[in-house]
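The values are calculated or read from the model by the stated rules, or taken from the named source; none is laboratory data. Remember, predicted model here, so these are calculated numbers, not experimental data. Because the Cβ atoms are built from the backbone with ideal geometry, glycine has one as well, and the counts that use them run over all protein chains shown.
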Amino acid sequence: MNVVSEILGLFAYAFVAAIGIGAISVLVIYVIDKTQTRHAIRRNYPVIGRFRYFFENVGEFFRQYFFAMDREEMPFNRAERAWVYRAAKGEENTVPFGSTRDLRPAGTAIFVNCPYPLLDEETRPTSAVTVGPGSRHPYSTSRFFHVSAMSYGAISRPAVLALSQGAHKAGCWLNTGEGGLAPYHLAGGADVVFQMGTAKYGVREADARLSDLRLAELASYGQVKMIEVKLSQGAKPGKGGILPAAKVTDEVARIRGIPRGQDSISPNRHLEIHDAGSLLDFINRVRDVSGRPTGFKTVFGGYDWLGELFEVIHRRGIDSAPDFITVDSGDGGTGAAPMTLLDNVGLPVRESLPRVVDLLREHGLRERIRVVASGKMINPVGVAWALCTGADFVNSARGFMFALGCIQAMKCNKNTCPTGITTHDRNLQRGLVVADKAERVARYALGMEKEVAVIAHACGAAEPRLLRRQHCRIVQANGQTALLSELFPDPTLA
């Protein structure tokens, strides 16, 4: 009995002590809040004003899991993410009862089903497309869905490894992003597209100009199939890449050739490129040194400069043309970007892609220059729309991030990603098991190709590359639909 009394006494003492410590802590916080000058809420409402910031931080998670409807969230809603998760896990992607997608908003894509859809024996495998037939090492692939640019540094080592292994399993390419070629890009055996950003990480001289020697060394890796010169990115047009100092580890700094622990800020444009002529000069220099098909990536704000570029190509000769153009969307993603650019600059791919394809047709360059579409196309509807519009390939970054397990926590720039994808914190990286996620990446890529083929067959096309603008209708402001071919008629038939 005495032992019990002593234990109860200790609990009572601890309880009283805790109350006392708590009261003192509240008093200290009260004084701090009342006397500080930075936050008006805390100064006027000491202690309780701090709850505002707590609720502000947890509010996004409550909205995501408890309050937002399946089709409400941005940048990707729960229904869109759920399709990726199911595809990546290899689960059945059928749903019961009826669609929850509202088909009334202007811009909604609706595909034109054929009255006599194709039987399985009437379909055929996706045909191959060759990029850069005039280069020393042309690249051919039958895959139309690929891993878009994500730099090592912006994403973690296990994330890159899983993407590399998964892309190899699926037979699609892996774009390095502008952060240089890391050994992890090559480790899985995937075909690699090396992206050369404005800082030219991995192939740069000290002044951020191109080093032909380093480029030739990089091109000696057989897995490097193409070179993509990044002029701009959809999430931050007119601004170079941004990697916060917290993510510039020793290894990232070594691969990029920059100081450790400092923000990695790329120039706003390539020092060598300032007009159409210098752009073609640079592309041809890269292609000559590397032997690889070379093109450029950009987000469009207008099209006059592209027409000027095509005119210069014809004056110089068609062999001077870039081998591909990657059309990025003004609503593209990134690890870090100024909100001003993220929200307000750059045209969405739904406008720019058909315009670019039409300009290529108008100038007789459509068969010479391949088109890659990029930007928020993580589900079959977006990919099929892009193929209908005229794209040869579609790239996705955030779709593959969801396949890796991304939960849209919006912490990509904080080095605190809870799924281990965009952090260099080893404890958080433990959650990303490479072997498991590589399988998910492969299943997602193959599942996408399969589902887009389902749309194509329903439209009467034997394979996805035969999708055309007459196979897709777009809802207009008046609620009626119009064919893509009516909205964007072929300029060569005018």
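Which of the residues belonging to segment 99-145 are farther than 30 Å from SER320 by Cα, touching a Gly at 6+ places or on another chain (Cβ under 9 Å) and not polar (S, T, N, Q)? The answer is ARG104, ALA106, ALA109, VAL112, CYS114, PRO115, TYR116, PRO117, LEU118. Annotation for segment 343-366: no member residue is under 18 Å from TRP173 (Cα atoms), charged (D, E, K, R) and modelled with pLDDT of 95 or more. For segment 136-155, filtered to residues that are out of contact with any strand residue (DSSP E or B) (no Cβ under 8 Å at 6 or more places or on another chain) and closer than 17 Å to GLU178 by Cβ, the residue that is surrounded by the most Cβ atoms within 10 Å (Cβ to Cβ) is ILE155. Note on segment 162-201: residues that are part of a loop (DSSP other than H, G, I, E, B) and of a type in the set (Lys, Arg) amount to 1. Taking ALA438, is it assigned by TED's automatic domain parsing to the domain that holds ALA373, buried (at least 16 other Cβ atoms within 10 Å of the Cβ) and within 17 Å of VAL394 (Cβ to Cβ)? It is false that ALA438 is assigned by TED's automatic domain parsing to the domain that holds ALA373, buried (at least 16 other Cβ atoms within 10 Å of the Cβ) and within 17 Å of VAL394 (Cβ to Cβ). Flag: TYR116 matches the condition of being modelled with pLDDT of 70 or more and out of contact with any helix residue (DSSP H, G or I) (no Cβ under 9 Å at 6 or more places or on another chain). Number of residues in segment 136-173 that are modelled with pLDDT under 95 and over 30 Å from SER264 (Cα atoms): the value is 0.
Of the residues GLY479, GLY447, the single one that is assigned to a loop (DSSP other than H, G, I, E, B) and either surrounded by fewer than 17 Cβ atoms within 10 Å (Cβ to Cβ) or assigned by TED's automatic domain parsing to the domain that holds ALA162 (or both) is GLY479.
Screening PRO158, PRO115, PRO133, PRO105 for residues that are of a type outside the set (S, T, N, Q), in the same structural domain as VAL224 (by TED's automatic domain parsing) and surrounded by fewer than 18 Cβ atoms within 10 Å (Cβ to Cβ) leaves exactly one candidate, PRO133.
Among the listed residues ARG143, ARG214, ARG157, identify the single one that is of a type outside the set (Gly, Ala, Ser) and over 21 Å from the mean Cα position of the chain (by Cα). Please lay out each step first, then the result.
Working: ARG143 fails: over 21 Å from the mean Cα position of the chain (by Cα); ARG157 fails: over 21 Å from the mean Cα position of the chain (by Cα).
That would be ARG214, the only listed residue that is of a type outside the set (Gly, Ala, Ser) and over 21 Å from the mean Cα position of the chain (by Cα).
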